[in-house]
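Visitor: Structure in C-alpha coordinates, see below.
The values are calculated or read from the model by the stated rules, or taken from the named source; none is laboratory data. Because the structure is predicted, anything quoted here is derived from the model rather than measured. Here Cβ is always computed from backbone atoms with ideal geometry, including for glycine, and neighbour counts include all displayed protein chains. The area values use the complete protein model at the heavy-atom level, side chains included, leaving out ligands, DNA and RNA. Shrake-Rupley method; radii C 1.70, N 1.55, O 1.52, S 1.80 Å.
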Amino acid sequence: REKSRKTGEDQNRKRQTRQSKTKLRLRLRLRSKPKETDKASPQIRNAWDELKTVKQNLQDMGLSLGMKGMLPIKNKKASTKLESLGSQLVEASLRGEDRTTCSTDMTEYVQYMVKEHNQDYKAMARDKKNYYQVTPKQIKRKVELYKRCHPEEYAVFIASLEGNRVSVK
(Lines give C-alpha, C1' and ligand atoms only; values in the text may rest on other atoms or scores of the structure.)
Protein backbone atom coordinates (compact mmCIF):
# COMPACT_ATOMS: atom_id res chain seq x y z
CA ARG A 1 0.00 0.00 0.00
CA GLU A 2 2.83 2.41 0.78
CA LYS A 3 4.41 1.90 -2.63
CA SER A 4 1.24 2.76 -4.54
CA ARG A 5 0.87 6.03 -2.66
CA LYS A 6 4.37 7.15 -3.64
CA THR A 7 4.12 6.19 -7.31
CA GLY A 8 0.48 7.25 -7.71
CA GLU A 9 -0.70 3.94 -9.16
CA ASP A 10 -4.02 4.15 -7.38
CA GLN A 11 -5.00 7.51 -8.99
CA ASN A 12 -7.18 7.80 -12.08
CA ARG A 13 -5.12 9.91 -14.51
CA LYS A 14 -7.87 10.19 -17.10
CA ARG A 15 -10.29 11.70 -14.58
CA GLN A 16 -7.60 14.06 -13.26
CA THR A 17 -6.76 15.46 -16.68
CA ARG A 18 -10.45 15.89 -17.54
CA GLN A 19 -11.09 17.76 -14.29
CA SER A 20 -8.06 20.00 -14.74
CA LYS A 21 -9.11 20.86 -18.31
CA THR A 22 -12.64 21.83 -17.25
CA LYS A 23 -11.27 23.97 -14.40
CA LEU A 24 -8.88 25.66 -16.78
CA ARG A 25 -11.67 26.27 -19.30
CA LEU A 26 -13.85 27.89 -16.62
CA ARG A 27 -10.97 30.05 -15.43
CA LEU A 28 -10.23 31.22 -18.97
CA ARG A 29 -13.89 31.96 -19.66
CA LEU A 30 -14.12 34.12 -16.55
CA ARG A 31 -10.84 35.84 -17.33
CA SER A 32 -11.63 36.65 -20.96
CA LYS A 33 -14.44 39.13 -20.39
CA PRO A 34 -14.69 41.81 -23.08
CA LYS A 35 -12.94 45.00 -22.09
CA GLU A 36 -14.53 48.43 -22.20
CA THR A 37 -12.05 49.46 -24.87
CA ASP A 38 -13.28 46.76 -27.28
CA LYS A 39 -14.77 48.09 -30.51
CA ALA A 40 -18.01 46.15 -30.17
CA SER A 41 -21.13 48.16 -30.85
CA PRO A 42 -23.19 49.25 -27.83
CA GLN A 43 -26.16 47.16 -28.97
CA ILE A 44 -24.10 43.97 -28.90
CA ARG A 45 -22.54 44.94 -25.58
CA ASN A 46 -26.00 45.46 -24.04
CA ALA A 47 -27.41 42.19 -25.41
CA TRP A 48 -24.34 40.11 -24.46
CA ASP A 49 -24.71 37.61 -21.60
CA GLU A 50 -21.42 36.73 -19.86
CA LEU A 51 -22.64 33.34 -18.68
CA LYS A 52 -23.44 32.09 -22.19
CA THR A 53 -21.08 30.95 -24.90
CA VAL A 54 -20.38 33.03 -27.99
CA LYS A 55 -22.57 30.76 -30.10
CA GLN A 56 -25.48 30.99 -27.66
CA ASN A 57 -25.21 34.80 -27.48
CA LEU A 58 -25.17 35.14 -31.25
CA GLN A 59 -28.14 32.81 -31.62
CA ASP A 60 -30.10 34.86 -29.08
CA MET A 61 -29.39 37.98 -31.14
CA GLY A 62 -30.53 36.24 -34.32
CA LEU A 63 -27.01 36.01 -35.73
CA SER A 64 -24.95 32.99 -36.69
CA LEU A 65 -21.35 32.14 -35.90
CA GLY A 66 -20.86 30.26 -39.17
CA MET A 67 -22.75 29.17 -42.24
CA LYS A 68 -24.31 26.10 -40.62
CA GLY A 69 -27.81 26.56 -39.29
CA MET A 70 -28.39 29.86 -41.09
CA LEU A 71 -31.95 29.21 -42.13
CA PRO A 72 -34.91 28.83 -39.79
CA ILE A 73 -34.50 30.41 -36.38
CA LYS A 74 -36.18 27.99 -34.03
CA ASN A 75 -35.51 29.99 -30.90
CA LYS A 76 -38.47 32.29 -30.18
CA LYS A 77 -36.45 34.20 -27.57
CA ALA A 78 -34.41 35.64 -30.43
CA SER A 79 -37.25 38.03 -31.28
CA THR A 80 -36.67 39.91 -28.03
CA LYS A 81 -33.10 40.70 -28.94
CA LEU A 82 -33.82 41.33 -32.61
CA GLU A 83 -34.51 44.99 -31.85
CA SER A 84 -30.78 45.43 -31.31
CA LEU A 85 -30.20 43.67 -34.62
CA GLY A 86 -32.56 46.10 -36.38
CA SER A 87 -30.66 49.12 -35.11
CA GLN A 88 -27.41 47.48 -36.19
CA LEU A 89 -28.76 46.94 -39.68
CA VAL A 90 -29.71 50.62 -39.91
CA GLU A 91 -26.19 51.61 -38.84
CA ALA A 92 -24.64 49.16 -41.29
CA SER A 93 -26.74 50.44 -44.19
CA LEU A 94 -25.32 53.95 -43.77
CA ARG A 95 -22.41 54.19 -46.15
CA GLY A 96 -19.16 55.43 -44.68
CA GLU A 97 -16.88 57.86 -46.40
CA ASP A 98 -14.43 56.52 -48.97
CA ARG A 99 -10.96 56.71 -47.47
CA THR A 100 -8.97 55.51 -50.46
CA THR A 101 -6.31 57.93 -51.63
CA CYS A 102 -3.75 58.06 -54.38
CA SER A 103 -0.06 58.63 -53.84
CA THR A 104 1.47 61.79 -55.25
CA ASP A 105 3.61 59.70 -57.61
CA MET A 106 0.54 58.02 -59.02
CA THR A 107 -1.34 61.32 -59.46
CA GLU A 108 1.64 62.81 -61.32
CA TYR A 109 1.91 59.66 -63.47
CA VAL A 110 -1.81 59.70 -64.34
CA GLN A 111 -1.79 63.44 -65.07
CA TYR A 112 1.22 63.07 -67.36
CA MET A 113 -0.32 60.15 -69.23
CA VAL A 114 -3.70 61.84 -69.65
CA LYS A 115 -2.02 65.08 -70.75
CA GLU A 116 0.09 63.30 -73.37
CA HIS A 117 -2.33 60.65 -74.66
CA ASN A 118 -5.83 61.71 -73.52
CA GLN A 119 -7.83 58.41 -73.36
CA ASP A 120 -5.55 56.25 -75.54
CA TYR A 121 -4.47 53.60 -73.03
CA LYS A 122 -2.48 51.57 -75.57
CA ALA A 123 -0.35 54.59 -76.35
CA MET A 124 0.08 55.18 -72.61
CA ALA A 125 1.36 51.62 -72.24
CA ARG A 126 3.96 52.25 -74.98
CA ASP A 127 5.05 55.59 -73.48
CA LYS A 128 8.70 55.97 -72.39
CA LYS A 129 7.59 57.06 -68.89
CA ASN A 130 5.83 53.73 -68.36
CA TYR A 131 8.85 52.43 -66.43
CA TYR A 132 7.05 49.53 -64.78
CA GLN A 133 5.54 48.30 -68.08
CA VAL A 134 1.99 48.66 -66.84
CA THR A 135 -0.62 47.21 -69.21
CA PRO A 136 -3.37 49.35 -70.76
CA LYS A 137 -6.01 47.87 -68.44
CA GLN A 138 -3.87 48.62 -65.39
CA ILE A 139 -3.40 52.21 -66.57
CA LYS A 140 -7.15 52.53 -67.12
CA ARG A 141 -7.76 51.30 -63.54
CA LYS A 142 -5.25 53.83 -62.22
CA VAL A 143 -6.99 56.65 -64.08
CA GLU A 144 -10.37 55.54 -62.75
CA LEU A 145 -8.97 55.34 -59.22
CA TYR A 146 -7.63 58.88 -59.58
CA LYS A 147 -11.05 60.06 -60.82
CA ARG A 148 -12.74 58.39 -57.83
CA CYS A 149 -10.26 59.62 -55.21
CA HIS A 150 -9.97 63.22 -56.38
CA PRO A 151 -13.02 64.08 -58.51
CA GLU A 152 -12.72 67.89 -58.10
CA GLU A 153 -9.00 67.90 -58.86
CA TYR A 154 -9.58 65.69 -61.93
CA ALA A 155 -12.34 67.99 -63.20
CA VAL A 156 -10.07 71.05 -62.85
CA PHE A 157 -7.23 69.17 -64.55
CA ILE A 158 -9.42 68.15 -67.54
CA ALA A 159 -10.81 71.68 -67.82
CA SER A 160 -7.29 73.12 -67.92
CA LEU A 161 -6.30 70.58 -70.60
CA GLU A 162 -9.29 71.51 -72.76
CA GLY A 163 -8.48 75.19 -72.30
CA ASN A 164 -4.90 74.57 -73.46
CA ARG A 165 -6.06 72.55 -76.47
CA VAL A 166 -8.47 75.32 -77.56
CA SER A 167 -5.75 78.01 -77.28
CA VAL A 168 -3.26 75.87 -79.27
CA LYS A 169 -5.69 75.38 -82.19
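Visitor: Give me, ordered by chain and number, the residues 5 or more places off residue 62 or on other chains with an amide H under 5 Å from its own placed amide H.
Guide: Amide H neighbours of residue 62: none.
Visitor: Now for a different question. On a 1.4 Å probe surface of the protein chains, which of 106, 124 comes out largest in accessible area, and what is the full order?
Guide: Ranked from most to least accessible, the order is 106, 124.
Visitor: Follow-up. If I ignore ligands, DNA and RNA and count only protein heavy atoms, how much of residue 94 is accessible to a 1.4 Å probe, in Å² to the nearest 10?
Guide: Solvent-accessible area, nearest 10 Å²: 120 Å².
Visitor: Find out how many positive minus negative residues lie around residue 137, taking Lys and Arg as positive, Asp and Glu as negative, among other residues whose Cβ is under 11 Å from that of residue 137.
Guide: With Lys, Arg at +1 and Asp, Glu at -1, the neighbours total +3.
Visitor: Leaving out ligands, DNA and RNA, and with a 1.4 Å probe, what % of the accessible surface on the range 104-167 is carbon or sulfur? Walk me through the numbers on the way to the answer.
Guide: Details: 2310 of 4480 Å².
Percent of accessible area from carbon and sulfur atoms in the range 104-167: 51.
Visitor: So what does residue 117 come to for accessible area, using a 1.4 Å probe and Å² rounded to 10?
Guide: 50 Å²
Visitor: Could you tell me whether the range 116-169 comes out rounded, prolate or oblate from its Cα gyration tensor? Rule is a ≥ b ≥ c as square roots of the eigenvalues, rounded for a/c under 1.5, then prolate if a/b exceeds b/c, otherwise oblate. Let's see the in-between values first.
Guide: Numbers: a/c = 2.84, a/b = 1.34, b/c = 2.13.
Oblate is the answer for the range 116-169, as a/c is 1.5 or above yet b/c matches or exceeds a/b.
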